[in-house]
1. Just the projected area, averaged over all directions, of the convex hull on the alpha carbon atoms of segment A:11-63: how many nm²?
2. On a 21 Å Cα-Cα criterion, which of the cross-link pairs B:Lys140/B:Lys162; B:Lys142/B:Lys162; A:Lys59/B:Lys84; A:Lys59/B:Lys98; A:Lys59/B:Lys142 come out too long?
3. Quick one: which of B:94-101, B:125-132 comes out on top by average Cβ neighbours within 10 Å, and what's the full order, highest first?
4. Summarise the partner chain shielding of A:14-25 as one whole number: the mean count of Cβ atoms from other chains within 10 Å of each residue's Cβ.
Amino acid sequence: MMPEKTGHLTEEALQDVLIGLATPESEMHLAECLECRAQVDRFRSSIDLFNEASLAWSKSRLAAPPRPSFRFWPAGLVPATLVLAVLALIVVPAWKHHRPPQPVAPVDSASTQNSSEAQIAEDNQLLAAVNVVLNESEQSPVNEYHLLKGPLSDQAAGTEARNR
Amino acid sequence: MGIFSVERAHAISCIGLELNLSGRVRPISELDDIDALVRTHRARLLQFVAYSAGDSDLAQTVVQDTLLRAFNGRESFRGECSVKTWLTGIAINVLRDKQRAGKVKFWKRVNKTAVDVQELASFLPAGGASPEDRLLAQEKVKRVGRVLESLSQNQRTIFLMKFSQEMSVAEIGETLGMQIATVRTHLHRALAAVRGQLGADL
């Protein structure tokens with residue numbers, strides 16, 4: 001390969017030198033041209049550094065214990081889970097967005113207030129009735145198992161009687 | 001390499017030569033000792049496959065399969081190239097098989113564990129260099145690593161076969177079933193990319 005008019009190897013000739021396909025002319029030029037030789041040397045030194053580092057990485061990788069991974073997942077489960085998650089992310093917001101609005105009845109504030117007070121009174125009556133029934137049907141565990149004896153037991157019995 | 005012995009079942013002893021019934025002679029080599037094979041070639045193979053495939057976890061599997069396949073098929077080694085070159089060829093085939101099999105496996109691609117250039121540079125041995133020189137050397141390693149990542153897998157593989165595995169252009173051509181001119185073209189393109197991206201600092 002002929003040197004360039006500048007007196008240096010062409011890019012192609014230099015690349016042929018680097019890949020080991022140098023012509024005798026290129027070899028002769030390299031023997032004399034410091035600049036071209038420096039380019040070759042710089043490239044080789046960078047590649048040598050890369051090889052040194054990557055070989056050291058490789059050796060350390062082989063010496064290290066295997067890294068934990070998610071291999072215990074059944075093969076088909078991971079993609080299936082991913083697909084479901086993506087579908088959930090897409091479909092749920094879209095469904096919420098397109099859901100038809102529910103008809104809303106006009107609100108009468110006065111009647112609402114009256115009805116809620118009446119409702120509360122009704123609920124209170126119902127709760128009181130439930131309380132009475134429960135007190136009658138359920139025996140206190142303290143009395144049932146005679147856990148307290150003596151004055152405290154009498155006191156508890158008195159309380160029970162008052163409740164009835 | 002210079003030592004010879006008797007073939008296992010059907011051999012006839014003949015002063016250090018290994019003869020089988022077909023009359024072929026095969027020298028005992030490192031291929032006959034699986035431990036030696038692993039010890040000698042595993043790290044270099046991993047280095048090559050990890051950077052060629054860009055996946056360090058996949059590379060470990062490929063290297064294991066390569067060494068096993070080489071040991072099982074050691075009878076087919078004709079000694080026309082070095083063991084390293086032969087193993088590299090097997091590794092490329094194993095890698096291709098794995099990648100073909102995993103082509104539609106989406107998760108495999110998501111789970112890919114690329115080699116981190118930052119981590120790679122930290123493995124550069126100190127070698128008595130000054131802190132400034134070491135930083136400069138690490139920067140060079142990172143830049144080469146990044147440029148290699150940007151190449152196509154074909155270009156990267158051929159580049160590594162040439163500059164990491166130190167194979168000749170003819171050996172690369174034979175291993176990949178390519179003409180020398182094609183290998184040269186791939187190498188020129190890879191070199192143009194590497195030298196172009198690294199610039200004058202290289």
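1. 4.2
2. Numbers: B:Lys140/B:Lys162 19 Å; B:Lys142/B:Lys162 19 Å; A:Lys59/B:Lys84 17 Å; A:Lys59/B:Lys98 23 Å; A:Lys59/B:Lys142 18 Å.
Pairs exceeding 21 Å: A:Lys59/B:Lys98.
3. Details: B:94-101: 15.4, B:125-132: 9.6.
Packing order, densest peptide first, comes out as B:94-101, B:125-132.
4. Details: counts 2, 8, 5, 0, 7, 14, 7, 8, 0, 0, 0, 0.
Counting Cβ atoms of other protein chains within 10 Å of each residue's Cβ and averaging gives 4.
The numbers here are math on the coordinates, done by the rules we state, and not lab data. Treat the numbers as computed from the prediction; the structure is a model and nothing was measured. As a convention, Cβ positions derive from the backbone with ideal geometry for all residues, glycine included, and neighbour counts pool all protein chains shown.
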